[in-house]
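Okay, so here's the structure we're looking at.
The values are calculated or read from the model by the stated rules, or taken from the named source; none is laboratory data. This structure is a prediction, so every number in the text was calculated from the model and none was measured. Every residue, glycine among them, receives a Cβ derived from its backbone with ideal geometry; neighbour counts consider all protein chains shown. Just the protein is used for accessible areas: all its heavy atoms, side chains included, with ligands, DNA and RNA removed. Shrake-Rupley method; radii C 1.70, N 1.55, O 1.52, S 1.80 Å.
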Amino acid sequence: MKYTDLQIDGLREIINIGGGNAATSISKMVSQKIDMKVPEVKILTYSELYQKILADDVEVYAVISRIIGKYAGAILFIVTNEAVDQLSSLILGNADQQEQQVKLSAISELSNIVSNSFLNAIGKVINAQLISSLPQITNDFFGAIISSAYMAFDNYDEQVMVIRNEFSYSKQKLDASLFLIPEEGVLDKMIESLGI
Amino acid sequence: MSISPKPIEVKIGIADYQISQAPNQLITVGLGSCIGTIIYDEHTKIGGLSHIMLPDSKPFAKRPDLNPAKFADLALPLMVAELKKKIPYPHFKAKMVGGANMFNFKTSSASQNIGMRNSAAVKAALQKLKIPLVASHVGGNSGRTMVVDLNTFQVTVKIVHQETVYL
């Protein structure tokens, strides 16, 4: 994996646009302003990933959808248990009174909207239609989810291109991030479509 | 007062292996489609735990930066050779954990079945090394954390929202 700084900047810009749209769609759904940090586009080893982003033994909820077509891969929305409570109380009102099942279905729906607004936005930039399949939700260790997700989409290296948006609201940390996991060759096609 | 060494928890990362001795524990976290294999000698209470990602190194043979600890076919023979240096008359036994299919995408892509192929490759590598596989907890669609007590060779498998399994 070798890209120039300019190419990485280009990718970051695409992801920034996608993430911005995703943040807006979360804001609409929870009627609160949701902010997004500058997206991360970085090649990291798994041990760096577990140090910098989330430890491998943290239990998270992951909503994963396949992206079908020329730009194939997956989009993965990862939320910690606390963030499930934060988000579902924003969506549903008081989270303590909600059944876990209801919370998860709210998160699944949120993730569906977030993923699709992300994909629509980046599709406009690279002039392609990006379609995602129905999401699956799993609750598992972050390490098991993220390594298996990269490998399921042919990313076999011990270093992975981490493409991630992190969200927050009213200055509170919201442990929710959106990962884009492209199949082999897809990043090259994206960069090509930017003409850099 | 006798000085007994304090047990240490040795953590093995992805695509790595480590060897240690009782009273220490070997632990590896976040096994999805990956597999953790413990190879253990009861007399010396020395064991090695490997965390492989992929079944077969052959498709990657031309890579200059090939990490043997990543592949079932290379990691296990290498770890056993290292164990043999420490143990003059070894009687190895093995247990393996992991090899899940975390996401149930319907596709023809071979990579979707990585967990299953990993467990077949670990079994084949152990057979080649003539090491009996005495217990395993593989497959399914959940991630696992594996803890090995080198005093007893007991393997603890932790799974989210499920009861802990002891092998």
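The table for this structure:
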| item | result |
| --- | --- |
| Selection of trypsin sites (Lys or Arg not before Pro), region A:1-51, meeting DSSP coil and at most 15 other Cβ within 10 Å | A:Lys2, A:Lys33, A:Lys37 |
| Protein-only accessible surface order, largest first, of B:Tyr89, A:Tyr169, B:Tyr166 at 1.4 Å | B:Tyr89, B:Tyr166, A:Tyr169 |
| Cross-link pairs B:Lys70/B:Lys158; A:Lys37/B:Lys62; A:Lys189/B:Lys62 - those with Cα-Cα distance over 31 Å | A:Lys37/B:Lys62 |
| Neighbourhood charge, 15 Å Cβ-Cβ cut-off, centred on A:Met161 and excluding it, Lys, Arg +1 and Asp, Glu -1 | -4 |
| GluC sites (Glu not before Pro) restricted to region A:127-196 and DSSP loop, no more than 13 other C-beta within 10 Å | A:Glu184 |
| Per-residue HN-Hα couplings for region A:173-183 [Karplus 6.51, -1.76, 1.60; θ = phi - 60°; Hz; x = Gly/Pro] | 6, 10, 7, 10, 9, 10, 9, 9, 10, x, 5 |
| Accessible area of B:Phe103 in the full protein assembly, 1.4 Å probe (Å², nearest 10) | 10 |
| Normalised contact order of chain B, rounded percent, pairs of Cα under 8 Å and 6 or more residues apart | 26 |
| In Hz, Karplus ³J(HN,Hα) per residue of region B:76-84 (6.51, -1.76, 1.60; θ = phi - 60°; x = Gly, Pro) | 5, x, 5, 5, 5, 4, 5, 4, 5 |
| Rg/Rg_ref, the protein assembly as shown, where Rg_ref = 2.2 N^0.38 Å and atoms are Cα | 1.06 |
| Heavy atoms of A:Met161 accessible to a 1.4 Å probe, total area in Å² rounded to 10 | 10 |
| Neighbour-limited loop hits for trypsin sites (Lys or Arg not before Pro), region A:106-196 (at most 15 other Cβ within 10 Å; DSSP other than H, G, I, E, B) | A:Lys171 |
| Solution diffusion estimate, µm²/s, Stokes-Einstein, region A:1-102, Kirkwood Rh from C-alpha pairs, 25 °C, viscosity 0.890 mPa s | 152 |
| Debye intensity ratio I(q)/I(0), log10, region B:6-93, q values 0.22 Å⁻¹ (C-alpha model) | -1.04 |
| Chain A: relative contact order in percent, alpha carbon pairs under 8 Å with at least 6 residues between | 36 |
| Accessible area, probe 1.4 Å, largest first, for residues A:Ser88, A:Ser168 | A:Ser168, A:Ser88 |
| Sum of -39500 (n - 2.57) over DSSP H runs of 4+, divided by residues of chain A (222 nm, nearest 500) | -15500 deg cm²/dmol |
| Accessible surface, 1.4 Å probe, highest first, among residues B:His43, B:His137, B:His91, B:His51 | B:His43, B:His91, B:His137, B:His51 |
| Sites A:Glu99 and B:Tyr89 - FRET efficiency at Förster radius 51 Å, r taken between beta-carbons, to 0.05 | 0.30 |
| Distance histogram for chain B (every C-alpha pair counted, 5 angstrom bins, percent rounded to whole numbers) | 2, 9, 18, 22, 20, 14, 8, 4, 2, 1, 0, 0, 0 |
| Spatial separation of Cα centroids for region B:59-108 and region A:50-112, in angstrom | 33 |
| Candidate aspartates and glutamates - alpha carbon under 15 Å from A:Lys52, same-chain residues fewer than 8 apart omitted | A:Glu40, A:Glu166, A:Asp175 |
| Table column - 3J(HN,Hα) (Hz), region A:34-43, Karplus curve with 6.51, -1.76, 1.60, x for Gly and Pro | 10, 9, 10, 6, 4, x, 9, 10, 8, 8 |
| Ratio of Rg to Rh over region A:1-43 (Cα coordinates, Kirkwood Rh, two decimals) | 1.13 |
| Convex hull of Cα atoms in region A:46-196, direction-averaged projection (nm²) | 9.4 |
